[in-house]
Amino acid sequence: MKKQQRSKAKAECTSSAKHSNTWKEIDFSKCEYKVRKLQIRIAKAQKKKRYNKVRALQHLLVTSYEAKAFAVRKVTSNKGKRTVGVDHVLWDTDVGKVNAVCSLKRRGYRALPLKRVNIPKKNGKMRPLGGPTMRDRAMQTLYLMALEPVTETTADANSYGFRKFRSTADAIDALHRWLSRNCSPQWILEGDIKGCFDHISHEWLLDNVRIDKHILGKWLKSGVVFNKLLQPVVEGIPQGGIISLTLANAALDGMERILKEKNKVSYIDGRLYHPKVNCVRYADDFIVTADKRKTLEDIKHMLTGFLEKRGLMLSEEKTLITHISEGFDFLGFNVRKYNGTLIIKPSKKSQKRFTVKLHEIILAKGKALSQQELIGKLNPIIQGWGN
């Protein structure tokens, strides 16, 4: 009797469960509830280090009809829903979306190359972005649902980039707490990783990230199409993929824990010494604080070894050690102590970008606009800057 009940419960969680025949009949609130429930179980199993259970629950999630429907809904309702990949396929009809849910299967899955476009960066250089097909986006979203509970459980406490319920404001708040007191650390290491997304080791990701290795390998080796030519990829994560940011965070997680372990409170010459080492990271940009310059020089050497295992290296041009009285720029803000008082304000580069943007709207695009239309365009920008 118990075996029958177990088999019945298992069947209801898999993709063979009863589901709606039309897109509008799908109860997405119910789908989201079931996905969240499985994600909580995965996170609990990860905390207890029951890795076999984590793997089993992840398989249960990615094969469930509810998770597949939820993944298709996400990729067909975000800003990129009109962007096509190399196959020029869009899921813009209800029939296409229902068929898409049924097509999200591991067996026979083949990741298509990414469609590469270059967009300008703030420093004038170009950033390559790769656009996956709709099916690849949905598969990445599906497997991201299974990966996120693991990465969020093992993530560094002060990692704020591209994580749910975290923002740049949280990172700046952490810096304020560490640097605003009279006894706060005075030396800062401004860290920047050279070409982080372009050089992450595929082997390290496959060995250390708790995700289906077969599927992950297909995404990493899918290649890119640029100017109608297929280019192979031997290292790095293509920017533009839904799962790319989480994989990059997973590669850099552990940095803060290593720094804390190596720089604990200790006794030197019979006196208690606190190195005041703190680390805040936003994607591949990070700040490390310390009480002495020598401590930061040792940390820089330590981080070189940490990153080398992942196929990465620090940028010598952008990785600097500065005193808090000189100030530093981080996430568009300038952080500096003036006569012992910490002041955080928008950096000069951010102010210049803001004024240029206003100049373009008022003079370049707004000459023919009425007063009401011009105010309507300016208000969201000014409000965003104020926030």
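Tabulated results
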item	result
DSSP-defined beta bridges in segment 232-387 - what % are antiparallel, rounded to 5	95
Calculated FRET value between Ile40 and Lys345, using beta carbons and R₀ = 51 Å, to 0.05	0.80
Residue (of Phe197, Leu60, Ile362) at the positive-pole extreme of the chain, dipole from beta-carbon charges	Leu60
Under 5 Å, built H, 5+ apart or other chain: amide partners of Glu235	none
Size of charge dipole - the chain - debye, nearest 20, with Cβ of Lys, Arg +1 and Asp, Glu -1, no other charges	1360
(i) 70, 49, 35; (ii) 85, 50, 29; (iii) 70, 69, 40, with the label sought being that of the calculated Cα extents along the principal axes in Å	(iii)
Protection proxy ranking, peptides 103-109, 59-65, average beta carbon neighbours within 10 Å, highest first	59-65, 103-109
Long-range HN-HN contacts of Gly240 with modeled amide H, under 5 Å	Gly130
For segment 79-86, Karplus couplings with θ = phi - 60° (6.51, -1.76, 1.60), whole Hz, Gly/Pro x	5, x, 5, 9, 8, 9, x, 5
Phi-based couplings in Hz for segment 331-345 (Karplus 6.51, -1.76, 1.60; Gly and Pro marked x)	6, x, 10, 10, 10, 7, 9, 10, 6, x, 10, 7, 10, 10, 9
Theoretical gain in end-to-end length, His359 to Met126 [0.36 nm per residue, Cα-Cα removed]	81.6 nm
Aspartates and glutamates whose Cα lies under 19 Å from that of Lys349, excluding same-chain neighbours fewer than 8 positions away	Glu190, Asp192, Asp285, Glu317, Glu326, Asp329, Glu360
Amide H partners (placed H, <5 Å) of Ala283, local residues excluded	Tyr160, Gly161
For a label point 7 Å along the Cα-to-beta-carbon line of Asn52, residues of segment 189-211 with backbone N under 20 Å	210-211
Pairs beyond 22 Å (Cα-Cα), from Lys81/Lys121; Lys352/Lys377; Lys194/Lys345; Lys164/Lys221; Lys292/Lys337; Lys44/Lys97	Lys81/Lys121; Lys194/Lys345; Lys164/Lys221; Lys44/Lys97
Listed residues Asn278, Gly254, Gln351: farthest to the positive end of the dipole of segment 230-366 (Cβ charges)	Gln351
Under Karplus coefficients 6.51, -1.76 and 1.60, residue-wise ³J(HN,Hα) of segment 274-285 in Hz, glycine/proline x	10, x, 6, 8, 10, 9, 10, 10, 10, 6, 9, 9
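None of the figures in this text is laboratory data; all of them are computed from the coordinates on show. In this text the structure is predicted, and so the values were computed from the model without any measurement. Quick reminder, even Gly has a Cβ in these numbers, built from the backbone with ideal geometry, and neighbours come from all protein chains shown.
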